[in-house]
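The values are calculated or read from the model by the stated rules, or taken from the named source; none is laboratory data. Bear in mind that the values here come from a model prediction, so they are computed numbers and not experimental data. Neighbour counts are summed over all protein chains in view; Cβ atoms, including those assigned to glycine, are modelled from backbone coordinates with ideal geometry.
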């Protein structure tokens, strides 16, 4: 039992020595008793092996990258919104410039073109349902 007590004491001494090396003492685990370790966690998990200046630079770069990604997302959203609006305007413009006879011919052409594809999809789905 004294061997176990000696190893516990030596571990405590090592932890106290390490604790003195770090500026931020809240991140150092402290042994309350031989079988438990309580760790005080900080709001950020930082690498204790990197210098503070390096950690600060990495945090700044991480924030800049995140802001850049958010700006790119907003830009892409604006581009997509513009394209959708242009497509809506184009479709609205097509319908208004056609006579009723031309509209009926366009509808018939689109239905004739799409009907075989729709029929095939329906056949495939029905086969799947019947084979279950």
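Residues checked against (1) at pLDDT 90 or above; (2) outside any helix (DSSP H, G or I); (3) within 25 Å of the chain's Cα centre (by Cα); (4) under 30 Å from residue 15 (Cα atoms):
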{"site": "37", "(1), (2), (3), (4)": "no, yes, no, yes"}
{"site": "40", "(1), (2), (3), (4)": "no, yes, no, yes"}
{"site": "49", "(1), (2), (3), (4)": "no, yes, no, yes"}
{"site": "64", "(1), (2), (3), (4)": "yes, no, yes, no"}
{"site": "74", "(1), (2), (3), (4)": "yes, no, yes, no"}
{"site": "78", "(1), (2), (3), (4)": "yes, no, yes, no"}
{"site": "86", "(1), (2), (3), (4)": "no, no, no, no"}
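If I filter segment 18-28 for residues that are more than 30 Å from residue 7 (Cα to Cα), modelled with pLDDT under 95 and part of a helix (DSSP H, G or I), do I get at least one hit? So far as segment 18-28 goes, no, none of its residues is more than 30 Å from residue 7 (Cα to Cα), modelled with pLDDT under 95 and part of a helix (DSSP H, G or I).
In summary, residue 98 fulfils each of the numbered conditions (1) touching a helix residue (DSSP H, G or I) at 6+ places or on another chain (Cβ under 9 Å); (2) assigned to a helix (DSSP H, G or I) with the single exception of condition (2).
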